[in-house]
Structure formats: structure tokens, C-alpha cells
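What follows is a short report on a single structure.
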Amino acid sequence: MALASTLPKIVARDVDCFYGDKQALFCVNLDISEKQVTALIGPSGCGKSTFLRCLNRMNDVIDGCRVTGKLELDAEDIYGPDVDVVKLRARVGMVFQKPNPFPKSIYENVAYGPRIHGLVSNRGELDELVEWSLEKAGLLGEVKDRLQEPGTGLSGGQQQRLCIARAIAVSPEVILMDEPCSALDPIATAKIEELTDELRENFTNVIVTHNMQQAARVSQRTAFFHLGILVEEGETGKIFTNPGNERTQDYITGRFG
Amino acid sequence: MSEATLGQSRRTDVHTSDAAQRRLRRRYAAERRFQLYGLFAIGIALFALGWLLTSIVGRGYTAFTQSRVVLEVEFARDVLDPDATGDRQVLSGANYAALVKSSLREQFPDVSGRRERRALNALVSSGAAFQLREMVLADPSLVGTRRAVSVPLSDDSDMFFKGFIRRDVGESERKLNDAQVGWLDALQERGLVERVFNTTFLTSGDSREPELAGIWGAVVGTTLTLLVTLLLCFPIGVAAAVYLEEFAPTNRWTDLIEVNINNLAAVPSIVFGLLGLAVFLNFFGLPRSAPLVGGMVLALMTLPTVIIAGRAALKAVPPSIREAALGVGASPVQTVLQHVLPLALPGILTGTIIGMARALGESAPLLMIGMVAFIVDIPSGLTSPSTVLPVQVYLWADSPERAFVEKTSAAIMVLLAFLILMNLAAVLLRRKYEQKW
């Protein structure tokens, strides 16, 4: 048991990813530890989002996308032939770059996941779960009195927190965040960052970000991607103060990217 | 140095110089011209529409009234039921035309001679006898009584009272001779002629006699046909669009299917009629002239439109919604049915209504499967012989009688009303399903 907890939650070995003829990821090896925040950084088009989307197979919907190598979640092959993608995505939730609430009420947005997965057996439990999720996402106080209003009527930051509530309502083990703050103002960003830190208690978190300070603030480990290659990976503190690779050094000091 | 000052001076007045003002004026002029072209185009369209509607309504509105004559009819027992049997068979087979003739003779006792009498009798519609028979069959106690009955005039008399047969042209050039004109004038002077709302036109089927011909048969036929079309093309079209857009892989086969669907949308409609004739009638042996087959043929014709519009509507749903649903673990089918399709529905409905409107106005493919037949009865089901509104318009436009001119225009008015009702239903449905946030 003690051994299990030291095992990484997600293991990537020699992962290549292709969009048609174009190779987007080259031989990525990365361990993602449980109940930590791992930040993926790198310039635009470096493959960090691609890698993130490999982890819950969101790339499956893209025509011509192909992933080779070994990707394991709790030592189970993510791309195995008998893997149920629906179950995988229930275990590995996702928050997207642009807030994308369903055009339904706030309540329905959060209740949708638990309902399709059959996580609750009655209305009371569902109410409770919705409330818990909104509370966890730090949104409950703001929307308590208007749960039946459309989720799309909230502000950008609130919408993104609603999307986080929607993701955690399914009780995933891992939450993937693809630049969750890129469309938000600094105050909303601060809230999401705070939230990310709190969520570490219950969830393993992988966050893609363009914002170096954000990576430094919220993550315990950081991985730097460049041109589809994982250049360097390590403890956040070390990456930002004493990077082992010249390119990492150049990037975090703002010399390119 | 001088170059630098030149560059600088140019830069400071580049947006304020006279040349700049002229450029700006030219741009605004071009903009105004463009708007004028648009206004001009809309003007032409409105003018054409106005002309079309005025000419149709101007020609057709008279068809909604009918000239009738009130005659004192003696329901003579010796004509209807000489043996006083009270038997419906006897009553049904009696010579009601004789009753009409004798009451006309009462009005004009001095008309003598076969030819004159025939001319007199021709003033009243042959439908008058049927009307009397129905009255007697509904209430046999009428036999032996005498009462005033309003019966339809013949189409020529009707045309005379509506002013389409003019008294100031030569006798040989009009359908009514001088004597008939005199009798009609006399009837009118005696206050026996009335212009009433033409319920016959709205409630009965087609007839060889213009004054007895109605549009209801075609309306029912159109309703049944379009119902079949809608029930077939909407579910099939939406299913095909959803599969092609959301699930099908992109490869040579789906490309081929896409090209074919796009081509089918442009195939002349009569080809679909020929297809229906060959497949539905000759191969499967389905009944001729039936709304069922007509609906199937029109559904084939409408399907490409629905599929193309459906795919466009599905494509317009933001991908972020799909990602959101997939991201919380919805299966692809749940994603489509619970999130994508509801958002695409208004667009799909619009496409469907465009297809249905085209199907409503279609006559060519229906000619091929026999829906052009002369059908008097109101269709009672999906397999009973019937015709549709555009075919009825075509049939009447082709008829030589003067009275069918107004019927043709009136039928077009009914067709337009049908179209407006259909579009209204679509707008209401759209509004109901359109998500407002």
C-alpha cells in the first residue's frame, strides 16, 4: 500500500503523437505523481496541449490523430484495446481553455455528469453533490440563489469555475486543465489558481499554462516542452531557479517563446 | 536630410490632405452606391411580388362568392314518389332535374319550344338537382311540400353576374344568347338572384362543372402527401446528417456519398417522379394516384435538402460543446443527442421547411405517378386516389371554361395560404426550441 502511493498516477513512455503525417510529440517520457499539480509549459505549438489531450483520449475525436508508445493510468494502458473511453474520461476529467458551459442552467451543468454516470440515486443526493461541487469550485456563494439560471449568463471567471465544478462533480481521479486562465482577468485567474491548489487534496492535477508565474505559483512539478519534445522535467522550484537545460533557461527567462 | 523631412511632412498630413479627403469621399460614395444597389434589388423583388399577388388576388377573389337563384320548388309527389312508398331507393332515383325545370318554367311561363326551354334550363347548375335530392333524402317529409330553395346558377350565369360575360358584345361572341341574358335580368329584377360566400369551393372536390368544383379534395390530398413526406424525410434526413457529420470517418466512401447527395439536390424533380413510377408503382405495385406514393416520391426529392441543411446546422454547433460533453464522460451518442442536436435543431427545422415548401409546390413528379387524374372524391386515406394543390392549379389552368380562370387563381391563393400556415408552424417550432442563452 505504501508502495502504491509512491507509484506515479500516470506514466508516459516513448509517447509519439501524429496528426496525419505531422508528428506533434516525439518520444515523451513523463511521470505524473498523485495528488500534485504538474504544470506543462512551453511556447505555442510545442505539443503540451496535445500531450494533455492524450491523457484522456480527447484526441480520439480528431481525424487522423495517432498515438504510439505507452501511456498508463494506475498501471492500466490508456490506449489499450479494451479500454472504455467513457469510463476513462470519467476518471480523468478536463477543463478547457475557453469556458464552455452547456447552454443549460447552472444546476444542470453540474448535474449532467453525475446523472449520465449514474453516481446518484435520487434528487436529494444530486442536489447535495451539485452543492458540494460548486462549493469545491468556490462558486456556491455566488450562485446559490440562481441555480436555475443559465450557466452561460455568468462572467468568464465564474463560467470557468462552473466548468471546474462540472468536472469534479463526476469525482475524477485526475483533472486536466488546458490553459484554464488564458481567457480570464487577473482576479478570476487568482481565484482559479487558489482553487487549483485546494483541489490538490483530492485530485491529481495537470495544468497547461503559458504563464510562467502561474506555473511557479500552483505546481509542484513542471515539464517544459519545446517543438514536441519534452526538454526537461522536475520539481518546479528547481526548474525555475536552476534549470538543467539551456533552452529551458532561455524560455523561462523570456528569451524566446 | 531633405528626404527625411519630406517623409515626415508626408506622414503628418497623410490623413488630412485634400487627396486624403477625396479618397475618403470616394469610399463613402462607393458605400452609398452599394447600398443603393441593394435597395434597388429589394425594390424589384417587392414590385414583382406585389404584381404577382395583385394579379392573383385580383383574378381569384371572385371565386370565393357564388351566384345562386332562389326558386320556389314544388316537391311534387307524382314526380318523386308516385306510389307513395316512402322508399329511399325510389326517392334516390327520382328525376330531380324535372323539379328544377318546372320551377323555372313557373318563373317564365311563356317560354315554349324545346330549344328555348333547354336554354332556360341551362341557366341553373346541374348541381341543383343533386342539392334537391340530398334535401329530400335528409328529410323525406319534404315530399308534397313547396318551398323556396336557393340553388347554384350555372357557371355561365355566374360569369354573367360577375361581369365576365358582357352584354355589350355580339350574341355570337358570348356564351349566353340574348334570351338567356333577358331571363337572368328578369330573375335579378325579381330579387331572386343572390351572391353568397362560396362554401362549395372550400368544401368539395373537383368537378367538370366549374360552379361545383372545389379545392378541398386537393387540400386534403396535399396535407396527406406532405405528412408522408415529413414523416419520411425528417427522421431519415436528420439521421443521415448526424451520422455523416458526427460519426462517419472521412474517406473515399463518405466523400462519394457527400458528392452524390449534393448532386441529388440538383436533380430535376421529374426524375424522382420517374423513379417513383419505376420503383414504387411498377416494382412494388403500390397504388397509383395515392398520397402515400406521392409523399414517398417527394420525400426522396426533399431528403438531400434536409441532409445538407442538417449537416450545415450540425457543423455550426461550436466544437467546444462537444468537447465539454465528451470531457465529462458522455458517450458520443449522448453528446450528439443531448447537446449537439438540440442546438442544431432550429437550423435543421429551417432546412426542412425549405424542402417541404419546395415539395408543396411540386407537380411534375406527381404527374408521373398518376396524381394528375380527375378525382371528384375527397381522399379518405393514404391510399385513396387524390390530387394535390399545384396539380389542381395545373388542371384548372388547362380547362377551357371561363369560370375556371378565377378558380385557378383562387386555388393559387389557397396554395399560398397553405404555405404561409406551414411556415408559421415552422417559425413557432423554431422559437420553441431555440435556446435563448
**Request:** Can you tell me the dipole magnitude for chain A around its Cα centre, using point charges on the Cβ only (Lys, Arg +1; Asp, Glu -1), in Debye to the nearest 20?
**Result:** 340 debye
**Asked** Among the DSSP beta bridges whose two residues both lie in the protein assembly as shown, what percent are antiparallel, rounded to the nearest 5?
**Response** 65 percent
**Item:** Computed over chain A, the ratio Rg/Rh where both radii use C-alpha atoms and Rh is Kirkwood
**Value:** 0.97
**Fill in**
Within the set B:Leu231, B:Leu52, B:Leu303, GNM on chain B using Cα springs under 10 Å gives the largest fluctuation to B:Leu52
**Item:** Point-to-point label distance, B:Asn251-B:Val14, nm (Cα→Cβ direction, 7 Å offset)
**Value:** 5.6 nm
**Request:** Could you work out the mean projected area of the convex hull around the alpha carbons of the stretch B:216-433, in square nanometres to one decimal?
**Result:** 13.5 nm²
**Message:** For the interface of A with B, what's the total buried accessible surface in square angstrom, probe 1.4 angstrom, rounded to the nearest hundred?
**Reply:** 1800 Å²
**Request:** With an 8 Å cut-off on Cα pairs and a minimum separation of 6 or more residues, tell me the relative contact order of chain B in percent.
**Result:** 18 percent
**Asked** Got a sec? Charge dipole of the protein assembly as shown, +1 on Cβ for Lys and Arg, -1 for Asp and Glu; which of A:Tyr19, B:Met159, B:Gly170 is way out at the positive end?
**Response** B:Gly170
**Message:** Per 0.36 nm of contour for each residue apart, how much would the distance between B:Ser150 and B:Ser331 grow if the chain were fully extended, relative to their Cα-Cα spacing?
**Reply:** 58.2 nm
**Request:** Of the options B:Gly60, B:Val196, B:Ala76, report the single residue whose Cα projects farthest towards the positive end of the charge dipole of chain B (beta-carbon charges: Lys, Arg +1; Asp, Glu -1).
**Result:** B:Gly60
**Complete:** Across B:Leu212, B:Leu137, B:Leu202, the residue with the highest GNM fluctuation in chain B (Cα network, 10 Å cutoff) is B:Leu137
**Prompt:** Counting only protein heavy atoms and using a 1.4 Å probe, what share of the accessible area of the stretch A:8-252 belongs to carbon plus sulfur, as a whole percent?
**Reply:** 47 percent
**Request:** Taking the Cα centre of the protein assembly as shown as origin, work out the dipole magnitude from +1 charges on Lys and Arg Cβ and -1 charges on Asp and Glu Cβ, in debye rounded to 20.
**Result:** 1660 debye
**Complete:** Length gained if B:Arg358 through B:Asp87 is fully extended, taking 0.36 nm per residue and subtracting the Cα-Cα distance, is 92.4 nm
**Message:** What FRET efficiency comes out for B:Leu227 versus A:Arg123 if R0 is 30 angstrom and r is the Cβ-Cβ distance? Round to the nearest 0.05.
**Reply:** 0.15
**Request:** Would you list which aspartates and glutamates come within 19 Å of B:Lys432, measuring only between C-alpha atoms, while excluding same-chain residues fewer than 8 positions from it?
**Result:** A:Glu149
**Prompt:** Residue by residue, what Karplus-based ³J(HN,Hα) values in Hz, rounded to whole numbers, does the stretch B:75-80 have, using 6.51, -1.76 and 1.60 with θ = phi - 60° and x for Gly and Pro?
**Reply:** 7, 5, 5, 6, 8, 7
**Asked** Which net charge results when you count Lys and Arg as +1 and Asp and Glu as -1 among the other residues whose beta-carbon is under 15 Å from that of B:Leu176?
**Response** -3
**Request:** Please state the charge dipole magnitude for the stretch B:216-433, taken about the Cα centre, from unit charges on C-beta atoms (+1 on K and R, -1 on D and E), reported in debye and rounded to the nearest 20.
**Result:** 320 debye
**Item:** Candidate lysines - alpha carbon under 20 Å from A:Lys22, same-chain residues fewer than 8 apart omitted
**Value:** A:Lys48, A:Lys70
**Prompt:** For chain A, what's the relative contact order in percent, using C-alpha pairs closer than 8 Å and at least 6 residues apart?
**Reply:** 27 percent
**Fill in**
Sequence order, the stretch B:393-403: Karplus ³J(HN,Hα) from phi using 6.51 cos²θ - 1.76 cosθ + 1.60, θ = phi - 60°, Hz rounded, Gly and Pro as x, gives 4, 4, 4, 6, 4, 8, 7, x, 4, 4, 5
**Asked** Residues of the stretch B:323-337 losing 40 Å² or more of accessible area relative to the isolated chain, 1.4 Å probe, heavy atoms only?
**Response** B:Glu323, B:Ala324, B:Leu326, B:Gly327, B:Val328, B:Gly329
**Prompt:** Taking Cα atoms of the stretch A:1-151, Rg/Rh with Kirkwood Rh, to two decimals?
**Reply:** 1.02
**Asked** Which whole-Hz ³J(HN,Hα) couplings does the stretch B:374-384 yield from phi under the Karplus relation 6.51 cos²θ - 1.76 cosθ + 1.60, θ = phi - 60°, glycine and proline marked x?
**Response** 7, 10, 8, 6, 6, x, 9, x, 6, 10, 7
**Fill in**
Computed D for the protein assembly as shown, Stokes-Einstein, Kirkwood radius over alpha-carbon pairs, 37 °C, 0.692 mPa s, to the nearest µm² per second, is 100 µm²/s
**Asked** What residues qualify as long-range amide H neighbours of A:Ala39, i.e. H under 5 Å apart, gap of 5 or more or another chain, H built at 1.01 Å from N?
**Response** A:Ile207, A:Gln220, A:Arg221, A:Thr222, A:Ala223
**Complete:** Partner shielding of A:101-107, taken as the mean number of other chain Cβ atoms within 10 Å, equals 4
**Prompt:** Given R₀ = 51 Å, FRET efficiency for A:Thr68-B:Phe374 by Cβ-Cβ distance, to 0.05?
**Reply:** 0.10
**Efficiency of FRET from Cβ geometry, A:Gln249 and A:Leu7, R₀ 41 Å, rounded to 0.05** = 0.85
**Item:** Contour excess over end-to-end distance, with Cα ends at B:Gln21 and B:Ala312 and 0.36 nm allotted per residue
**Value:** 100.3 nm
**Å² per residue, accessible surface of the stretch A:97-169 at 1.4 Å** = 41 Å²
**Request:** Rounded to whole Å and ordered largest first, report the semi-axes of the equivalent ellipsoid of chain B derived from its Cα gyration tensor (root of 5λ).
**Result:** 62, 34, 18
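The values are calculated or read from the model by the stated rules, or taken from the named source; none is laboratory data. Since we're looking at a predicted model, the values are computed, not measured. FYI the Cβ positions are ideal-geometry reconstructions off the backbone, even for glycines, and counts take in every protein chain you see. Heavy atoms of the whole protein, side chains included, go into the accessibility calculation; ligands, DNA and RNA do not. Shrake-Rupley method; radii C 1.70, N 1.55, O 1.52, S 1.80 Å.
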